[in-house]
Amino acid sequence: MSTRPLSRRRFLRISAAVPLCGLSRNALAAASTTSWRGQALGAQAQIIVAGLDPAEAAPVFAQVRDEIARLETILSLYRPHSELSRLNATGALMSPSADLLEVLSLSKSVWQASGGSFDPTIQPLWIARALGEPAPAPSGDFGDVVFSAKAARLKPGSALTLNGIAQGYITDRVAELLRRLGLQNVIVDAGEQRAWGSRPEGGAWRVGIADPSGTVVRNLTLKDRALATSSSRGTVLTDGRGHIIDARSGLSAQLWNTLSVTHETAALADALSTAACCLNTQETEAMLGHFPSASLAYRG
């Protein structure tokens, strides 16, 4: 699975059109847009809202910014005091947040369905590979991770990365925040996309799947769905191999260059697309069979 920094994709984009419902095309064309730029997971972020003036958009932006900051204090590998960093440092975390427990639970479901190719406990191996150091002896797998509302515990010598699912999870949380605020036609792009409703001019949201070179390899529409894309060589390690590692073998995924999965949630789409980079056609079909809402959108 992938353990690259969450800044692998550099754009957070939100387009919302709830005030535009029922307007004519001329009115839609004249509708105002308001944007916000900032940081999300250490990378440049941008929010674009259509149909809201700056005064209306300001409290929306403030809540999104607060939500991103809150989730970073839970899921980031690069904040030393995040819940994940503290769990990795000590091997135990008392009273983990509901968000961390949900991400761990979703990760376990994909670990099981993928036959172990997706495994957050690959973090020590990934660090060694990234630094060009000898690979450490395996300390177990995700089945050794114990978590409940009381505590999360790791096997000695183990550490977790959630980078193969956390970006999708943050996409979901931001999208759902906007929906609670009453926005009915929304697309969120925080590396993974989640969309519902329609574009301001009508019709489903249009998205493109790009390979590591930035070439768009497929265009599709997205409505009431999420899309996640993983590229096995989106980042190249010091040994010249791709960053997505099959936890079963410890080797970089080589079967597919770019792979996209759709699902109702961006978190599961994210984890499934990462895992599928390591799986052959039959293995992918078997994994997706555990998630009735999941569908392969692109593989090449």
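Being in a helix (DSSP H, G or I) and in contact with a helix residue (DSSP H, G or I) (Cβ under 9 Å, 6 or more places away or on another chain) is the requirement here; does W111 meet it? Yes: the conditions hold for W111. Is it the case that segment 202-216 has a residue that's assigned to a loop (DSSP other than H, G, I, E, B) and in contact (Cβ under 8 Å) with a residue 60 or more places away in the chain? There is at least one residue in segment 202-216 that is assigned to a loop (DSSP other than H, G, I, E, B) and in contact (Cβ under 8 Å) with a residue 60 or more places away in the chain.
Would you point out the residue of segment 157-171, among those that are part of a loop (DSSP other than H, G, I, E, B) and either touching a residue at least 40 places away in the same chain (Cβ under 8 Å) or under 9 Å from the mean Cα position of the chain (by Cα) (or both), that is farthest from H263 (Cα to Cα)? Going through the qualifying residues, I end up with S158.
Within segment 172-212, the set of residues being over 20 Å from the mean Cα position of the chain (by Cα) and loosely packed, with under 14 Cβ neighbours inside 10 Å comprises R180, G182, E201, G202, G203.
May I ask you to list pairs of residues, at least six apart or on different chains, whose Cβ atoms are under 6 Å apart, with the first in segment 275-300 being hydrophobic (A, V, I, L, M, F, W, C) and the second being surrounded by fewer than 13 Cβ atoms within 10 Å (Cβ to Cβ) and modelled with pLDDT under 95? Listed by first residue and then by second, the contacts come to nothing, as the list is empty. Among the candidates F142, F118, F147, the residue that is over 30 Å from Q282 (Cβ atoms), in contact with a helix residue (DSSP H, G or I) (Cβ under 8 Å, 6 or more places away or on another chain), buried (at least 17 other Cβ atoms within 10 Å of the Cβ) and not small (G, A, S) is uniquely F147. Inspection of segment 103-114 finds no residue satisfying the criterion of being of a type in the set (G, A, S), touching a Lys or Arg at 6+ places or on another chain (Cβ under 7 Å), under 16 Å from S249 (Cβ atoms) and surrounded by 15 or more Cβ atoms within 10 Å (Cβ to Cβ). Out of the residues in segment 80-102 meeting the condition of being part of a loop (DSSP other than H, G, I, E, B) and over 18 Å from the mean Cα position of the chain (by Cα), tell me which one is surrounded by the most Cβ atoms within 10 Å (Cβ to Cβ). The extreme case among them is P96. The set of residues in segment 280-300 being closer than 21 Å to T265 by Cα and in a loop (DSSP other than H, G, I, E, B) consists of G289, H290, F291, P292, S293, A294. The residues on offer are S230, S273, and the sole one that is crowded, with 22+ Cβ neighbours inside 10 Å, at pLDDT below 95 and within 24 Å of V186 (Cα to Cα) is S230.
List pairs: first in segment 128-140 and outside any loop (DSSP other than H, G, I, E, B), second of a type in the set (D, E, K, R) and modelled with pLDDT under 85, Cβ under 8 Å, 6+ apart or cross-chain? Taking only residues 6 or more apart or on different chains, the pairs are R129/D239; R129/R241.
The values are calculated or read from the model by the stated rules, or taken from the named source; none is laboratory data. This is a predicted model, so every value here is computed, not measured. Reconstructed Cβ throughout: ideal geometry from the backbone, glycine too, with neighbour counts over all protein chains shown.
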